[in-house]
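To start, the structure itself, in structure tokens.
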Amino acid sequence: MNQVTVKNETMGYQISEAYKSLRTNFQFCGEDKKVIAITSCTMNEGKSSISMQLAIALAESGKHVLLIDADLRKSVLMGRTKVSQKGIMGLTHFLTGQCTIQETICATSVKNFHLIYSGPFPPNPAELLGGKNFRSLTEAIRNVYDYVIIDTPPLGSVIDSAIIAEICDGAIMVIESGVISYRFAQEVKKQLEKSNCPILGVVLNKVDMHKRSYEKYRGKYHGKYYGRHYGKYQGKYEEKPEESKV
């Protein structure tokens, strides 16, 4: 099995605790929620950082976790790890029949945490993700790992996330504070609901906790969209802009 090193990210106490809270809230969703898709409305909202850090937080709690980079259009996962070997196979290689599942899985420097890179960008990502090979992959690994986190493309841009969500146990949306409108978030939510995948929650990301307008922003949406489903998460999850760009 290939070995990779996860780059250490400098986090403040508040951010570290936010990820632990996210892990706890996620685990409260139930043991049957094993394969989870994480998406966002647009690029650069921090979904890949959330996917990585949630997977690491779960692994640090003693769970066996696999992170799949299913963003076959604009992957950033390779840049957040250190790879010593050359020619590592990724998800695209498996989906096109070039290797086995075992050949794509990489062990990391974090105990209990494995990952699958996206591989080279294909010309037909939606078709590959909707094919039988991706379904067989998820069916096989759900019996091996406690949790499978799938980092997917922004649903507000392409349909890939909805295709992936169809075979997942739940989905989490990442929304950048002060950037994504309520209406746009609702449109993406409705698109995700068409996949019949339960929406487990929303991570409100890149919140400036020092701005006085934060409480006004929170009050505006609490009880409408976020408050209805995701009150436990509201306002707790933020990253520094430079840490969450994807």
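The values are calculated or read from the model by the stated rules, or taken from the named source; none is laboratory data. Please read these numbers as outputs of a predicted model, since none were measured by experiment. Heads up, the Cβs are rebuilt from the backbone with ideal geometry, glycines too, and the neighbour counts pull from every protein chain shown.
Being within 19 Å of A140 (Cβ to Cβ), small (G, A, S) and either at pLDDT 95 or above or over 14 Å from the mean Cα position of the chain (by Cα) (or both) is a description that applies to G90. Of the strands (runs of 3 or more DSSP E) contained entirely in the range 62-152, those carrying at least 2 residues that are more than 19 Å from N2 (Cα to Cα) fall at 147-151.
Going by what's in this entry, would S40 be described as among the polar types (S, T, N, Q), modelled with pLDDT under 90 and out of contact with any Cys (no Cβ under 6 Å at 6 or more places or on another chain)? For S40, the condition - among the polar types (S, T, N, Q), modelled with pLDDT under 90 and out of contact with any Cys (no Cβ under 6 Å at 6 or more places or on another chain) - is not met.
Identify the residue in the range 144-180 that is among the small types (G, A, S) and modelled with pLDDT under 90 and, among all such residues, is nearest to N124 (Cα to Cα).
As a first pass, look at the range 144-180 and keep what is among the small types (G, A, S): 156-157, 161-162, 165, 170-171, 177-178.
Checking the rest, the ones that are also modelled with pLDDT under 90 come to 156-157, 177-178.
Numbers: G156: 18, S157: 15, S177: 32, G178: 33 Å.
Among them, the one singled out is S157.
When the range 1-28 is filtered for residues that are over 14 Å from L58 (Cβ atoms), assigned to a helix (DSSP H, G or I) and of a type in the set (A, V, I, L, M), the ones remaining, listed by number, are I15, A18.
Of A55, A18, all but one fail to be buried (at least 20 other Cβ atoms within 10 Å of the Cβ), touching a strand residue (DSSP E or B) at 6+ places or on another chain (Cβ under 8 Å), in contact (Cβ under 8 Å) with a residue 60 or more places away in the chain and more than 21 Å from V158 (Cα to Cα); the exception is A55. Small (G, A, S), out of contact with any Lys or Arg (no Cβ under 9 Å at 6 or more places or on another chain) and under 29 Å from I180 (Cα atoms), is that true of S16? So S16 fits the description; yes.
Being among the polar types (S, T, N, Q), within 15 Å of F94 (Cβ to Cβ) and in a loop (DSSP other than H, G, I, E, B), is that true of even one residue in the range 187-195? Talk me through it step by step, then tell me what you get.
At the first step, the residues of the range 187-195 found to be among the polar types (S, T, N, Q) are 191, 195.
Next, only the ones that are within 15 Å of F94 (Cβ to Cβ) stay: none.
No, the conditions are met nowhere in the range 187-195.
Of all the residues in the range 153-167, those that are among the hydroxyl-bearing types (S, T, Y) and not in a loop (DSSP other than H, G, I, E, B) number 1. Restricting attention to the range 199-214, the residues being modelled with pLDDT of 50 or more and surrounded by fewer than 16 Cβ atoms within 10 Å (Cβ to Cβ) number 4. Scanning the range 68-91 for residues that are out of contact with any strand residue (DSSP E or B) (no Cβ under 7 Å at 6 or more places or on another chain) and closer than 20 Å to S49 by Cβ yields a count of 7. Considering the range 108-135, and only residues there that are surrounded by 14 or more Cβ atoms within 10 Å (Cβ to Cβ) and small (G, A, S), the residue that is farthest from D169 (Cα to Cα) turns out to be G119.
Between E31, E45, which is crowded, with 22+ Cβ neighbours inside 10 Å and assigned to a loop (DSSP other than H, G, I, E, B)? Please lay out each step first, then the result.
On the way: E31 fails: crowded, with 22+ Cβ neighbours inside 10 Å.
Only one candidate passes the filter, namely E45.
On the given criteria, is T138 touching a residue at least 12 places away in the same chain (Cβ under 8 Å), polar (S, T, N, Q), in contact with a Ser or Thr (Cβ under 9 Å, 6 or more places away or on another chain) and surrounded by 13 or more Cβ atoms within 10 Å (Cβ to Cβ)? Criteria not met by T138.
Which one of K82, K132 is without any contact (Cβ under 8 Å) to a residue 40 or more places away in the chain and not small (G, A, S)?
Details: K82 fails: without any contact (Cβ under 8 Å) to a residue 40 or more places away in the chain.
Only one candidate qualifies: K132.
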